[in-house]
Structures are given as C-alpha cells and as structure tokens.
Amino acid sequence: MHTSTFKDELGLSNVAQKMKKERRYLMVRRFLSNKLALTGSIIIILILLFTIIGPLITPHDPYDLHAKNRLLAPSSEYFWGTDNYGRDLLSRVAHGAKVSIGVGLSVSLITSILGMIIGLYAAYFHALDNILMRVCDGLMAFPAILLAIAIMAAMGPRIENVIIALSIVFTPYVARTVRSAALVVKEQTYIEALRSQGASSTRIIWSNMAPNVISPLVVQATFIFADSIITEAALSFLGAGTPAPAPSWGNLLYDGKMVIYNAWWMTVFPGVAIMLTVLGLNLFGDGLRDLLDPHHNKAGKS
C-alpha cells in the first residue's frame, strides 16, 4: 500500500517536472520567435558589454586634457577623435555610458517599487485611491522635462539629484499602470472569497494581487528605463543634469553643439549611443509586452 502511494507521488512529481520543462521550452521558443524582443535584447546586451568592458580597454583617460590635440578627427590613435579640450571621445562615451545607463536603471528600479506600492494600495483602498491618484494626476499634468528641470533647479546639479528628480517624474506613470492591472484583479471571485474568510488586507495585496501585476510592471519599467536615459541626456544638455567634468551622453552632446560643423564626431557618437540604447529598450519592451500579454498582440493584429 505504502509502496503504491510512493510510486504515485513519484509519478506525479515527474509529470510536474516535465510540464515545467515544457513551459520553459515554449517560453524560450516564443521569445526566440519574437523578432522585437530578440533584436532589442541583442542591442541591449551589446550596449551593456560596451558599458562594462569599454572603460577597461579604452587606451586614454577620459579626464586627461591635451590642448594641442583638441578636435582631432578619428584616427588610429584616437578612434573616435577628441573633444574641444583634447580628451579622447571614445573614453568619454564609454565612461558616460556608466552614468547614463546607471541613472536609467536606478530610476527604473525606484519607480517600479514606488509605483507598485502606490498602485496596489490605491486600487485596494478607495479612500486612498482619490488622494494618491489626484497627486499623480497633478504631477503628470506637467511635461516630464519641465518638471525635472524645476526639481533640479531646486536641488542642484548632481547625479543623485537627477535620479531623485526623474523618480518623482516617472513614478505616477508606473502607479497608474499598476493600479489599472490591480483593479482587474481586485474584482476576481477568489479575492472576494479571501476577504470573506477574514484574510488581512496586507496578505491579499502582496500575496494575491501583487504577483498578477508583475507583467505590466516589468513592461512599463523597460519604457521608463528608456525615457530616463533620454530625459537625463536632455537635462545634462541643458546644464541641469550631470555636472562637468563627469561625462554623460547628454553633456557630451552639449560640448559638441558649438563645433558641430567642424567636429561632427562629437555629436554623432554620443547621439548614436543614445539612439541605439533607447531603440533596444523600446524594442525589448514591445516584444516583452507581446510575450506577456497575448491579448494585446491579438488586438494589434486585428
């Protein structure tokens, strides 16, 4: 009797493991067949490799000034040329990637955490919903770049302040997305059953509602990542972001705007870095949305 029961349990365990492997295999196949997600992930991996390895292998220090070498065109010594202070542009773009992508990643993580908390509690508690969403509406009423400039003007140009300012700007967008998904989950029958059985609000929110909003949250986070990189570049270009001499893609573009007709490389290479990074993130986000939300994909094709 015991032997038979043990064999049944072992058989069920093997079936469960096979089903998990099949689901993983199907997810990998769907990912590889999704051209948007695959292309975006390849671009992102290449950018990340450049960000990590680039500063280690560039032959020149990004802060070394050589007045006699100012505005040199790309050559065998300076692969991407030099800037208006004689600094190696390849080294500055590589080190600037750490700043720009670091800011984007930090903002994406912070806004995801804050937006998830605000969105879940706003969806579950009606009284909080009116307060939190009106605050979010007020912040979203301002254009993102103008609100970020206003916050930076009050706090001062530092990398930490850029992260704080952009987190304030983009958190309402994440909170709105999470709230919309959480409201759908809240109306499900099993949530009502848990509530009638006396389950606490905290347990319902974090054990039952939170896992169901992860998919739209992750997709939104990829778009916030891309928007943060663009906005940080805009702030640095306007002189309100990353302070010189620390390189970021935005202030590299600012340095190049005065000599754009004489030294094209000063704007082309940082601009291409921004364009490729944002393109990769947006492609990956679109592909991820199609993978995680099949209904959205069908609606787009119909």
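Does the stretch 244-260 include one or more residues that are under 22 Å from residue 159 (Cα atoms), touching a residue at least 24 places away in the same chain (Cβ under 8 Å) and aliphatic (A, V, I, L, M)? Yes, the stretch 244-260 contains a residue that is under 22 Å from residue 159 (Cα atoms), touching a residue at least 24 places away in the same chain (Cβ under 8 Å) and aliphatic (A, V, I, L, M). Please work out if residue 131 is loosely packed, with under 14 Cβ neighbours inside 10 Å, among the aliphatic types (A, V, I, L, M), modelled with pLDDT of 90 or more and farther than 30 Å from residue 245 by Cα. Against the criterion (loosely packed, with under 14 Cβ neighbours inside 10 Å, among the aliphatic types (A, V, I, L, M), modelled with pLDDT of 90 or more and farther than 30 Å from residue 245 by Cα), residue 131 qualifies. Annotation note: Cβ proximity below 9 Å between a residue of the stretch 182-209 that is in contact (Cβ under 8 Å) with a residue 60 or more places away in the chain and under 14 Å from residue 116 (Cα atoms) and a residue that is surrounded by 11 or more Cβ atoms within 10 Å (Cβ to Cβ) and among the basic types (Lys, Arg) (sequence gap 6+ or interchain) occurs for 209/186. Scanning the stretch 70-85 for residues that are out of contact with any Leu (no Cβ under 6 Å at 6 or more places or on another chain) and within 21 Å of residue 57 (Cα to Cα) returns 72, 73, 74, 75, 76, 77. Residues in the stretch 56-86 that are acidic (Asp, Glu) and over 17 Å from residue 267 (Cβ atoms): 61, 64, 77.
One residue alone among 173, 190 is modelled with pLDDT of 90 or more, aromatic (Phe, Trp, Tyr) and assigned by TED's automatic domain parsing to the domain that holds residue 84, and that residue is 173.
Taking residue 269 as the residue in question, decide whether it is over 16 Å from residue 102 (Cα atoms) and buried (at least 24 other Cβ atoms within 10 Å of the Cβ). It would help to see each step written out before you state the result.
Details: over 16 Å from residue 102 (Cα atoms): yes; buried (at least 24 other Cβ atoms within 10 Å of the Cβ): no.
Judged against the criteria, residue 269 is not a match.
Return yes when residue 92 is of a type in the set (D, E, K, R), part of a helix (DSSP H, G or I) and in contact with a Phe, Trp or Tyr (Cβ under 9 Å, 6 or more places away or on another chain) and no when it is not. Yes.
The values are calculated or read from the model by the stated rules, or taken from the named source; none is laboratory data. Everything quoted here is computed from the prediction, not taken from an experiment. Positions of Cβ are backbone-derived with ideal geometry, glycine not excepted, and every protein chain shown enters the neighbour counts.
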